[in-house]
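Notes follow once the structure below has been shown.
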Amino acid sequence: PDLVIVDAERSIIGNRKEEKPRSQWIYQYEHAPLYMDRYESVSRIGDDLKGKEEEDMMVKALDDPYWNIRALALKRIGPVAKTNRPGLRTKIEQMATSDPKSLVREAAIKVLAKQYDDTTTQTLMAGAINDSSYTVVKTAFDLLSDRSKERAARVAPALEDESNDNVMDVLAAFYVSE
């Protein structure tokens, strides 16, 4: 068989350690129907992507139906983002602005800030201060203030009436550093 998953439903009590060649983790991601199997595949391939097949799997994971897998894939996508793969930046920007889960939007903003630090990314971060999630607002403003004090100063007044402690902490730190 091409794919063997022992205890796919994770019903056996105990610690499980499974060693497979990297190609089998890719195959598992592509063919396993359960969330944990796909999550495990993305986790096991990890940050060190070795080859086009692993990169393709990580890019495909950005479209996974489960938000946690999308967020994990964003954390692992750095090496692929550096290659300027066609359409990848646009996909990450779309995730940063419109993914239904705030933790995915936050992860996408972090990837953009790290891999594509330019005025387009700064514009996206400035726009993210209007996000419905305080986590996204805090992260976007914090990253923006690290990259462009001038731009952060222009958007900072919009945050002054926020009641969230995390947003206020990052805003206060920005004003203190000015």
For the stretch 103-110, indicate whether the set of residues that are modelled with pLDDT of 95 or more and open to solvent by 60 Å² or more (accessible area, probe 1.4 Å) is non-empty. yes
Could you please let me know if residue 80 is part of a helix (DSSP H, G or I), in contact with an Asp or Glu (Cβ under 8 Å, 6 or more places away or on another chain) and not polar (S, T, N, Q)? yes
Under the condition of being small (Gly, Ala, Ser) and assigned to a loop (DSSP other than H, G, I, E, B), which residue from the stretch 9-65 is most open to solvent (accessible area, probe 1.4 Å)? 11
Give the residues of the stretch 112-121 that are more than 25 Å from residue 66 (Cβ to Cβ), part of a helix (DSSP H, G or I) and open to solvent by 30 Å² or more (accessible area, probe 1.4 Å), sorted by residue number. 119, 120
Considering only residues of the stretch 132-171 that are in a loop (DSSP other than H, G, I, E, B) and open to solvent by 70 Å² or more (accessible area, probe 1.4 Å), which is farthest from residue 119 (Cα to Cα)? 163
Tell me which residues, restricted to the stretch 94-106, are touching a Ser or Thr at 6+ places or on another chain (Cβ under 8 Å) and either acidic (Asp, Glu) or touching a residue at least 60 places away in the same chain (Cβ under 8 Å) (or both). 106
In the list 129, 109, which residue meets the criterion of being touching a residue at least 24 places away in the same chain (Cβ under 8 Å), assigned to a helix (DSSP H, G or I) and touching a Phe, Trp or Tyr at 6+ places or on another chain (Cβ under 8 Å)? 129
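The values are calculated or read from the model by the stated rules, or taken from the named source; none is laboratory data. The structure presented is a predicted model; accordingly, all values stated were derived computationally and were not measured. Virtual Cβ from ideal backbone geometry, glycine too; neighbours counted across all protein chains shown. These area figures cover heavy atoms from the full protein model, side chains too; ligands, DNA and RNA do not enter into them. Shrake-Rupley method; radii C 1.70, N 1.55, O 1.52, S 1.80 Å.
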